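Each reported figure results from applying straightforward, stated rules to the coordinates on display, with no laboratory input. Treat the numbers as computed from the prediction; the structure is a model and nothing was measured. Counting neighbours? That spans all protein chains shown, and the Cβs are built from the backbone with ideal geometry, glycine included.
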Amino acid sequence: SGTLTVGDLAEKLNKDSSEIIKKLMFLGVMATKNEDLEKETIELIAEDYGVEVEEEVFVDELGIETQVEEDDPDQLEERPPVVTIMGHVDHGKTTLLDAIRHTKVTEGEAGGITQHIGAYQVTENDKKLTFLDTPGHAAFTTMRARGAQVTDITVLVVAADDGVMPQTKEAINHAKAAEVPIIVAVNKMDKESANPDRVMQELTEFELVPEAWGGDTIFVNVSALNGEGIDELLEMLLLVAEVEELKANPNKRARGTVVEAELDKGRGPVATLLVQEGTMNVGDPIVVGNMHGKIRAMVNDIGRRVKSAGPSTPVEITGLNGVPQAGDQFVTFEDEKKARQFGEARASRAREEERSQTSKVSIDDLFSQI
Ligand code: GDP
Ligand code: MG
């Protein structure tokens with residue numbers, strides 16, 4: 001069965017759901033907006049609009065594939081959880097990210113130079129975890145706004161000497177809206193004024209109730225400053241990951257999301273990509289947002305060159321013809337020509353959209369002057 005709903009398909013085709021529903025009725029299919037469509041039905045409708053459907057995947061007008069066929073369960077393999085850290089300003093997000101990285105990366109990877117590529121991986125009890133290193137809220141909102149869901153688990157950092165603050169609430173709302181499980185890290189436990197009970201008490205208002213009080217939220221007391229509780233936090237994250245049964249098929253073309261991107265003076269456009277499924281290789285043709293190219297080189301989070309990257313792995317790539325945006329989706333292709341075609345189609349589509357927006361604005365401006 002397909003993984004696209006009527007509403008999803010309408011959005012992909014840039015049509016009203018009602019129009020799609022009407023077309024479906026002509027085909028004898030009675031469907032509501034939230035109904036999943038069979039692959040064959042998707043193909044029929046897409047063809048009707050002159051949109052090409054590839055063998056295994058449905059490719060929308062903009063060239064980004066939507067997985068239609070579910071992965072063969074035998075092909076699915078466990079993958080590391082992708083973790084985002086959120087919380088109020090000054091509650092210790094950056095310090096905690098650094099502490100996790102330094103206690104875990106440097107000890108195992110002798111000689112590894114930490115490289116800031118926007119995401120990193122650590123190992124705990126022989127299992128990997130991936131952390132997004134970008135400012136939590138911004139990453140979450142820009143990515144979510146662009147339809148990208150990359151976070152599997154959120155660590156909500158709350159300073160034990162300060163308690164729940166406005167951005168704490170915001171973070172809870174983001175995580176809940178995205179249906180991402182939350183682990184609470186009660187930070188700054190080294191401080192005299194630390195009051196973890198008050199934090200727990202305040203969070204019960206947001207349905208984050210500790211297990212000790214009959215709820216199901218995991219709370220871990222930590223000090224990002226002296227490293228207390230960090231191992232326990234990582235263990236708890238792995239526990240949640242296990243419950244969530246995070247899996248992906250590494251044996252197909254790669255698909256994923258841009259974590260960050262910039263123009264480097266020497267290397268040209270560089271983008272940190274998080275592979276979400278499949279495996280990406282140096283030399284692969286790729287479409288990233290409205291940009292395209294061929295992967296020239298890949299560097300991991302400790303600055304080493306790698307030849308391939310599987311699910312949940314962040315890597316920095318070069319070889320694109322321009323700088324994509326955080327939250328953009330990427331897909332690798334087997335065929336270079338196809339990647340270029342899709343890339344160019346996406347780019348011209350983006351230019352058109354921009355032009356029509358500018359002309360709308362100028363017409364509005366005109367009216368406002370009358
Ligand atoms: P962010 O705004 O959430 O990224 O917070 P930062 O990581 O920048 O931390 C804000 C301040 O709190 C800095 O001065 C940190 O040194 C301090 N801080 C962070 N974690 C701890 C901790 O566990 N204990 C203590 N005493 N201070 C901390
Ligand atoms: Mg910070």
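So what is the diffusion coefficient of segment 230-370 in µm² per second by Stokes-Einstein at 4 °C and 1.567 mPa s, using a Kirkwood Rh over Cα pairs?
77
Cross-link partners for LYS191 among the lysines, with Cα-Cα distance under 27 Å and sequence neighbours closer than 8 places in the same chain left out: LYS93, LYS104, LYS169.
Peptides 119-130, 253-264 ranked from most to least packed by the mean count of surrounding Cβ atoms within 10 Å: 253-264, 119-130. Using the Cβ-Cβ distance between GLN149 and SER18 with R0 = 22 Å, the FRET efficiency computed as 1/(1 + (r/R0)^6) comes to roughly 0.25. For LYS338, a cut-off of 26 angstrom between C-alpha atoms picks up these lysines, skipping any fewer than 8 places away in its own chain: LYS12, LYS15, LYS39, LYS252, LYS294, LYS307.
Under 5 Å from the amide H of THR257 lie the amide H atoms of LEU274, GLN276, PHE330, each residue being 5 or more positions distant or on a separate chain, with H modelled from the backbone and absent for Pro and chain starts.
3J(HN,Hα) couplings calculated from phi for segment 329-344 with the Karplus curve 6.51 cos²θ - 1.76 cosθ + 1.60 (θ = phi - 60°) are, in sequence order, 8, 10, 9, 9, 10, 8, 9, 5, 5, 5, 4, 5, 4, 5, x, 5 Hz; Gly and Pro show x. Amide H to amide H, with H built 1.01 Å from N, THR313 comes under 5 Å of VAL275, counting only residues 5 or more places away or on other chains. Subtracting the Cα-Cα distance of LEU239 and GLU179 from their residue separation scaled by 0.36 nm leaves 19.9 nm.
For segment 204-213, the Karplus equation 6.51 cos²θ - 1.76 cosθ + 1.60, evaluated at θ = phi - 60°, returns couplings of 4, 4, 9, 6, 9, 10, x, 4, 4, 9 Hz by residue, with Gly and Pro reported as x.
Residue by residue, segment 151-156 carries 3J(HN,Hα) couplings of 7, 9, 9, 10, 9, 9 Hz when phi is fed to the Karplus relation 6.51 cos²θ - 1.76 cosθ + 1.60 (θ = phi - 60°); x denotes Gly or Pro.
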